[in-house]
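What follows draws every value from the coordinates through simple rules; no lab data is involved. Model, not experiment: these values are computed from the prediction. Methodologically, a virtual Cβ is constructed for each residue, glycine included, from the backbone with ideal geometry; neighbour enumeration extends over all protein chains shown.
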Amino acid sequence: MKERKILKNKLYLYLTEFFAGMSVMAVELGASRLLAPYFSSSQIVWTIIIGTIMIAMALGNVYGGRSADKDPDPDKLYGRIIIAAVWIALIPVIGKYIIIGIAAALIFTVSNNFLIIAAFAACMVVFVFPLFLLGTVTPSLVKYCLLVSSQKEGEHTAEEGRTVGNLNAFNTVGSIIGTFVPTFISIPAVGTAITFLIFAGILLVLAIVYFVTSGVFVKKLPVGAALFLLACIFGHDSSFAFWQNDLSYEGESVYNYLQVYENERQVVLSTNVLFGVQSVYRKEKELTGMYYDYAMAAAYMTGVTDKDHLDVLILGMGTGTYATQCRRYFGNMSITGVEIDEKITALARKYFELPEEVPVITYDGRAYLNADDGKYDLIMVDAYQDITIPFQMSSVEFFTLVTDHLKDDGVMVVNMNMRSSESGNITEYLSDTIASVFPVVVTADVYGSTNRELFASQNPQMTETFATGIEKEEASDLRRMMEYVQDLLVAYDGGGHIMTDDQAPVELLGMRVIDGLIANEVGFYREVYDEKGLEGLLEYL
């Protein structure tokens, strides 16, 4: 091994292991945020991220070990660290374009499992190479540490086990810090892009210190530093929504990528999706024309026109669209919202005119029910977001918990957002599960979308109460809307697709629906591509 002053004791090698482990975990967490707007943040996507990173690390371990045995030169290792640092720094600059390019290419050629294939391809292209390089660190450092020990103590050393153990300990501690810092500090505070730059900078400084103290000049160093500076200039304020430049707000929380945009008529929140709406506020204070209007039927089903007061709980408050609608049309309600993402609640207060007197608890919906002993006339479950469906809020146990918090004539309304005509889809599973708990279940499909509203109760007179309430409604626009919903209602007879806490394959079920939706949306363009190829498709577009 080359004589390097900084390596005369093993401390710097241990620090290298520490920061390498930290950076690997930071990149992994950053990868989930970079992919979320395009492929969601579901368990499937996390599985792909973890799997590809493990592939990269395994290949890096093999290569690093062989390389260190063949030529134990630490200059080469720190040269690889420079390349890894530059690659990671460039991810905020070009990563999103690579991801959208891969998705666009595959959407015309992949008929099944698009989410899996596209996310896997994106991970392989964007993240595997730098993590492969970081995977060479541990076996290389084991070799260098043992060589340092042998040079100090003679040809034989009995500290192999201690040395490997110390390296693994430093790597593990670094990985722990690299897990917590991005999640709880850097990503919420400064965003994913700067998080990538921070950890790339740490790696680059690690290599710079090594080469400067060793008095060695390598061309990689000035080139890497220059590329890093360019990445800082062009990637520090990188926006996920490069297709949209008129956002009122774009940022990140512990849980979500968030964007708010508005026009003359409305304010809209989107989270973790390339396109789509999670919450909307109409500035003219009118009905939204979306599923929120359909869900208001639940208030009539529990007797809003005959009761002096209703207690309402919303699990998945978002920016409070449903609460705002209910407050606007019904004055006799006490509404409590539960929203796991406190940043969304802050956006609701700032952009969506959610009143301060409407309390919002920052908590998981099911955990809140476990801690709450209240009884409600109406419980709205609106926690399902594209493929990201929390399994703990889709099981028999969860819906049984909901019944325990409903009054005798209380009603639960669930917004299901991936309606499909295929047998065994996620909507059917959810409906069958609910029907196994509630004796009365009816559904209404939302026009112009894949949403379906499901209403459930222990009260056998639920639909009759709804009809009576419509007759008493004086607001003409709301009455017309409720009459429309009434015509759409279909009684649901449960089947055998039951989900439990032990078995709730919500991600796979959701992915099947997404495959179908993609096939319907791009079917025509696929035909053009099949007949005329890429050139013909580009001409048509």
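Return one number: the angle in degrees, 0 to 90 and rounded to the nearest 10, between the long axis of the Cα atoms of helix 74-107 and the longest principal axis of the Cα atoms of the chain. Taking Cα atoms only, the helix is inclined about 30 degrees. Think of each Lys and Arg Cβ as +1 and each Asp and Glu Cβ as -1; about the Cα centre, that makes the dipole of the chain roughly 3000 debye. Only one residue of Phe129, Val506, Phe184 has its Cα farthest out toward the positive end of the dipole of the chain, where Lys and Arg carry +1 and Asp and Glu -1 on Cβ, and that residue is Phe129. The angle between the Cα long axis of helix 11-39 and the main principal axis of the chain comes to about 30°, on a 0 to 90 degree scale.
When you work out D = kT/(6 pi eta Rh) for the chain at 20 °C and 1.002 mPa s, using the Kirkwood radius from C-alpha pairs as Rh and the Stokes-Einstein form, the result is 82 µm²/s.
Relative to the dominant Cα principal axis of the chain, helix 506-540 is inclined by about 70°.
Within straight-line reach of Lys5, meaning a Cα separation under 26 Å, sit the following lysines at least 8 residues removed in sequence or on another chain: Lys70, Lys76, Lys143, Lys152, Lys219, Lys220.
When you work out D = kT/(6 pi eta Rh) for the range 287-504 at 4 °C and 1.567 mPa s, using the Kirkwood radius from C-alpha pairs as Rh and the Stokes-Einstein form, the result is 75 µm²/s. Measuring r between the beta carbons of Asp308 and Val205 and using R0 = 60 Å, the FRET efficiency lands at 0.35.
Placing a label point 7 Å from the Cα of Glu422 along the Cα-to-Cβ direction, the residues of the range 485-511 with a backbone N closer than 14 Å are 507-511. Our summary gives the chain a relative contact order of 15 percent, counting only alpha carbon pairs under 8 angstrom and 6 or more residues apart.
With contributions of -39500 (n - 2.57) from each DSSP H run of at least four residues, the per-residue ellipticity at 222 nm computed over the chain stands at -18500 deg cm²/dmol. Phi angles of the range 206-221 translate, via the Karplus equation with coefficients 6.51, -1.76, 1.60 and θ = phi - 60°, into HN-Hα couplings of 4, 6, 4, 4, 4, 6, 5, 5, 8, x, 10, 9, 10, 4, 4, 5 Hz per residue; Gly and Pro are given as x.
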